Amino acid sequence: MSLAVQRLSREFRSPVTTGLIAGVLALAIFGVVRGGTFILVDSLVTGAIWALVAAGLALTFGVMGVPNFAQGEFFMVGTLSGYLVYTALSGVQGRPYVPFVTILMALVVGFVLGALVDLAVFSQMRRRIREGWVMNTFVVTVGISVVMINAHQLIWGTDYKGIVAYFDGPPIHVLGVSVALDRVFAISVAAVSIAGLWWLLSYSRIGRAIRAVSQDEPGALMVGINVGRMRTLTFAISSGLAALAGATLLFQFPSFPFVGVKPLYVAWTVVILAGLGNVGGAVVAGFIIALLEANTGFFIGSAWEDVVPFALIVLILAVRPTGLFGRAVRSVWEQ
Amino acid sequence: MTAFLWRRRGLGVALLALAVLPLVPPFDAENFRRWLVISALLAGWAIAFDFTAGYINVVNFGFAAFAGAGGYASALVTIHYGLPIWVSMFAGVILAGILGFLTGVLTLRFRGIYAAVAAWFLGLALLGITRNVSPITRGPLGLIVPTFFSTDSNLPYYYVVLAMMLVTYLVLKAVTESRAGLAFRAIGQNMEAARASGVNPTRYRILNFTLSCMFAGWLGAFYAHYYAILTPDVMATSQTVQVLVAAYLGGRGSLWGPAAAAFPLVFSTEWLRSNLDRFPGLDLVVYGLALILVMVYYPGGFAELVHAIRDRRLRLPGLRMRTAAAPQPGEAGAVLSDVRE
């Protein structure tokens, strides 16, 4: 993270970024003054989860060069396995450890499925495709997304499979806003997972190897890193995080085939805003997008939540084609 | 002129076959004719899509939104001004062209995935706007649109859309065979090298986007006046995905490949959908698997297969090798990438 902080402080020398950050802060203050503190609390809760989904997306792009269009479908897998596990544990519901077991199982399912997808598809492509890697994998992930959505429909149908709440205690009060226990749970899970991801990437041997692969593949190969395994691991971590986010948000997103569409869109806006492949930036941008959505929903109407962020992102891109913090990855993956 | 026609003898044969097809059993059944209409429409869209994806190498991921905008423009003009459909369709062309032009301008500085995502977001924003300005578009309820003909038969619609597909193909093919086409390919392969050799990427990228979207909007207008009901769903990403699947299965950068792939694609998915309705979603699972398999094992698609057979690079039973096999492109690259692995 210190690296991210360093890069951030360097970015502040750019007037465009400084202006944008100032604009976001102004938006936050405006929202709180005119709308109320709930906008801030809302943005923090949803922003944390968006950051989690988007961090995985940024990671796969940064390390493997795969712009994953199926990230939302791994979120869907998380909601589905969360639902199945939670209902299977119905005998012991109410015990405080059940939600934790549920989301851990979802994490495992997403992780294993991601590893399988990488072995079945991307490892095969690596051997065959020499040019146009980014666009080709993008199209392949479109295919993966279509298959996963319709496999869900084929096997489990189109009904909403949801739960009312993981915890049914009274809501707690933050800044005069009452926050349901499930949302407290969600933000805690997101915070712990992001911290865990950051620790993994910064300090562990595996994380160092993953970063080496993302920076210099031949170099990583030369020092004896198993590049193929690191890529599989990266994809598995990323899909595991998405599934974890899905299971955690099950109370808000009941599982059905297209549940991943909204998280996918949001994750992509976040990642584009941050600059593709920038994991630290994605966490910051997750909160920015959530703030933007909360403000749009309150001041313009929730129907426009899907319009304003997209339009704004395209405008920001027009000013900064590589996103807010995207300088580092520019040369490697532009093709 | 003779040479021009002779080079297009394959197109002539294909067109003749397509024109006769709805009159021959079993294809003269009304549901088969409907599938033919859908196929020809998808073929036209796939050609327009490939014109961008296969040449300047930018995937217009908001494609369906531009096509749908063309449909809405045409529908609204006929409804409010009572103009004949043949005229109002050009409102669709103009609106989609303007949107394509603006997208081209906005995404100029982006490459590859950034341009695709920017076009996607613009498409999503357009979809959201269409859904939200319900006083004009009636939102998700959908517009009731006058149709071309007052008949229930699909046959006249089929010939209309076949003609539109043909015009799309001929115009875009002519452009790709002109100097502009050369410039497109140069930009698509290596923008810096193209710029260094005096190609102005700005002008050609905008030209490409505008043309592609104009034809998308034109065919979108056909969609509106064929289905008679127009909902914002026509602009959804899943529609773009359909066009993209046809274009990639057919093979990028050939224009005819995507069109040829659209017919078997629509027929197989529609057949699966109507015969295996106990398994909803199975048709799209097959769809997605086909896309993945082609992209992983044969990214050149159908057009590459035909080229390989024609150039006798591929040994097929019954085809005698008359010339020595041409060297595989990128054999040296294969060795290099093996080393990298």
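Values quoted throughout were computed directly from the atomic coordinates according to the rules given, and no laboratory measurement underlies them. Because the structure is a prediction, the values reported are computed rather than measured. Counting neighbours? That spans all protein chains shown, and the Cβs are built from the backbone with ideal geometry, glycine included.
See the values below:
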item	result
Fully extended contour minus Cα-Cα distance, from A:L175 to A:L200, at 0.36 nm per residue	5.7 nm
Label-point gap, in nm, between B:R273 and B:D233 - each point 7 angstrom along Cα→Cβ	0.9 nm
Cα gyration tensor category, rounded, prolate or oblate, for segment A:198-327 with a/c compared to 1.5	oblate
Three-way shape label, segment A:2-333, alpha-carbon gyration tensor, a/c 1.5	oblate
For segment B:2-325: rounded, prolate or oblate by the Cα gyration tensor [a/c cutoff 1.5]	oblate
Longest segment of chain B lacking trypsin sites (Lys or Arg not before Pro) that sit in a DSSP loop with at most 12 other Cβ atoms within 10 Å	B:1-277
Which of B:H225, B:G281, B:M295, positive extreme of dipole for segment B:2-325 (C-beta unit charges)	B:M295
For q = 0.13, 0.20 Å⁻¹, Debye-computed log10 I/I(0) when each Cα of segment A:122-230 counts as one equal scatterer	-0.90, -1.08
Mean separation of Cα contacts under 8 Å (6+ apart) over length of chain A, as relative contact order %	36 percent
Under Karplus coefficients 6.51, -1.76 and 1.60, residue-wise ³J(HN,Hα) of segment A:181-191 in Hz, glycine/proline x	4, 4, 6, 4, 4, 4, 5, 5, 4, 4, 4
Added length on full extension, which subtracts the Cα-Cα distance from 0.36 nm per residue, B:E177 to B:F149	6.5 nm
Chain B, relative contact order in percent, only Cα pairs under 8 angstrom and at least six apart counted	28 percent
Helix axis angle, B:201-227 relative to chain B longest principal axis, alpha carbon, degrees	50 degrees
Residue of B:A29, B:A65, B:A180 that the Gaussian network model of chain B assigns the largest fluctuation, springs spanning Cα pairs under 10 Å	B:A29
Dipole moment magnitude, nearest 20 debye, the protein assembly as shown about Cα centre, only Lys, Arg, Asp, Glu C-beta charged	1760 debye
Farthest positive-ward along the protein assembly as shown dipole, Cα basis, beta-carbon charges - from A:P254, A:L40, B:A261	B:A261
Check: chain B dipole with +1 on Lys, Arg Cβ and -1 on Asp, Glu Cβ, in debye	880 debye
